[in-house]
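Encoded as structure tokens, the structure appears first; notes follow it.
FYI, it's all coordinate maths here, none of it is from the lab. Not measured: the values here are computed from a predicted model. Here the Cβ positions follow ideal geometry from the backbone for every residue, glycine too, while neighbour counts run over all protein chains shown.
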Amino acid sequence: MAGNGALTKAKAAKYDEFYTQLSDIENELVHYTNDPDHQGTVAGNQFAGQHVYCNCDDPEWSNFYRYFVMNFHRLGLASLTTTHYDADKSTYKIEVNSADEAAYAMKAYEANEPLGSLHLATKLHGNGDFRNAESIELLERSDIVVTNPPFSLFREYIRQLVDYEKRFIVIGNMNAITYKEIFALIKANRIWLGKQSESKTMLFGVKPEYGQWLLDNKREETAYRIIDGVVMAKLRNACWFTNLTTDKRTDMPIPYQTYAEGLAKGMYPKYDNYDAIEVSRVADIPSDYDGVMGVPITFLYKWAPNIPISDIIEPRAESREPRAESVRNRRTIQNACRKYRCPDELHGHKWISAPVRRPIRIAMRRNVQAGL
């Protein structure tokens, strides 16, 4: 096992040192660029003539930098700016303003030349932190921000983008949906999930020291995967957040039953402590119910402002006393009994004696007139 020093260092880098694969970037951004080879959406090329800023990227490692340099001419970019970050010292930015400069930058990247020495690189006074004054100045000059920001600073990062009224496509933790600041933006139709966010495990490149920590402390296929001898961190809860036009009109399942038909099957129970019905799957949303429904958080995978839902209300983590026989996993019952010190170790009682938190639900109403 790794020593305490290595453990501390790995924990410090754990949430903020993930490098996105080029394939994941391509598979998401194709939905905003209308590439005919990849059947882009009707949103068209939203990057044409735009100043793109990658403000949480190390160009030496970043596939965001690589993607935009490779596709600078095809996307019709006006410019590309990336800032290099170093926690301990001042660093540099790279600015690409033409297709010729992009070709030069790509050759240097492929030749493994130190990018900080390129004539496209300019020294920064600070360390490249997105909160620095010079980074904010670059942000003000940009149109679209695309990056993988530090997960531990996600609230602050998104707040900055919103405050400066920037368009963006960024990667975050799915749990961020439940942050009150982020959910308020979702309710206000100011942010939503990207196209490639649904139930998809993402693999990220990591620095060598963290890769070694994963090998020493974690289990393969649970926390990491080795591909061609390279350790890749494995995250099940990473997803894309954006405010660019996103076409999800074909993503939302077409309702297959009415509320009455579902009731006849024993579906749609009411919550004990909240005036709403439980809908355990997005596909089970009734076609004619206009009251409040508690739907899985995965509902947001398929939702965007062009989906005619009249109101997303709030995220809820309902607490109630479920029937023991309704809990699928027997170990869940046993763990709950131990945690809450239930007296009956034989688990023969009808109710678990203390509340067990239910999965997070999104409380929403459906626009019956518009349909899903």
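At a 10 angstrom cut-off on C-beta neighbours, averaged per residue, how do the peptides 120-126, 84-90 rank from highest to lowest?
120-126, 84-90
What FRET efficiency would be calculated for the residue pair ARG365, ARG155, taking the C-beta separation as r and a Förster radius of 41 Å, to the nearest 0.05?
0.95
Roughly what % antiparallel, to the nearest 5, for the DSSP beta bridges in segment 4-242?
70
Just to be sure I understand: of the beta bridges DSSP finds with both ends in segment 53-189, what percent are antiparallel, rounded to 5?
50
State the answer as a single residue: which of PRO149, GLY194, ASN132 lies farthest towards the positive end of the charge dipole of segment 119-252, with beta carbon charges of +1 for Lys and Arg and -1 for Asp and Glu, about the Cα centre.
Final value for the positive-end residue is GLY194.
For ASP288 and ASN173, compute 0.36 nm times the residue count separating them, minus their Cα-Cα distance, and round to one decimal in nm.
Extending this stretch completely gives an extra 38.1 nm.
How high is the relative contact order of segment 230-286? Use alpha-carbon pairs under 8 Å, at least six apart in sequence, and give a whole percent.
Contact order relative to length: 33 percent.
HN-Hα J couplings of segment 96-110 from phi, Karplus 6.51/-1.76/1.60, θ = phi - 60°, integer Hz, Gly and Pro as x?
Each residue of segment 96-110 in turn: 10, 10, 7, 5, 5, 5, 5, 5, 4, 5, 5, 4, 5, 5, 5 Hz.
Using 0.36 nm times the number of residues separating LYS123 and GLU110, minus their current alpha carbon distance, what extension gain do you get?
Contour length minus Cα-Cα distance gives 2.5 nm.
So for the pair ALA184, LYS218, with labels modelled 7 Å out along Cα→Cβ, what separation do we get in nm?
3.3
For the pair ILE254 and ASN237, how long in nm is the line joining their label points, each one 7 Å along Cα→Cβ?
3.6
For a 20 Å ceiling on Cα separation, which of these pairs sit above it: LYS195/LYS218; LYS270/LYS302; LYS195/LYS302?
LYS195/LYS218; LYS270/LYS302
Please give the direction-averaged projected area of the C-alpha convex hull for segment 121-215, in square nanometres with one decimal.
The number I arrive at for segment 121-215 is 8.2 nm².
Using the Cα centre as the reference, give the magnitude of the dipole from point charges on the C-beta atoms of segment 4-242 (Lys, Arg: +1; Asp, Glu: -1; all else neutral), rounded to the nearest 20 debye.
For this selection, approximately 820 debye.
Could you tell me the largest-minus-smallest coordinate of the C-alpha atoms of segment 4-242 on each of the three principal axes, in descending order and whole angstroms?
Projected onto its principal axes, the Cα set of segment 4-242 covers 48, 45, 38 Å.
Around TYR92, which amide H atoms from residues at least 5 apart in sequence, or from another chain, sit under 5 Å from its own amide H, with H modelled in the peptide plane?
Amide H neighbours of TYR92: HIS84, LEU124.
Quick one: if the Förster radius is 51 Å, what FRET efficiency do SER98 and ALA264 give, using the C-beta to C-beta distance and rounding to 0.05?
FRET efficiency, SER98 to ALA264: 0.20.
List, in order, the whole-Hz ³J(HN,Hα) value for each residue of segment 138-151 obtained from phi through the Karplus relation with A = 6.51, B = -1.76, C = 1.60 and θ = phi - 60°; use x for Gly and Pro.
5, 4, 4, 7, 8, 10, 10, 10, 9, 5, 10, x, x, 4
Show me 184-196, 272-284 ranked by packing, highest mean number of other Cβ atoms within 10 Å first.
184-196, 272-284
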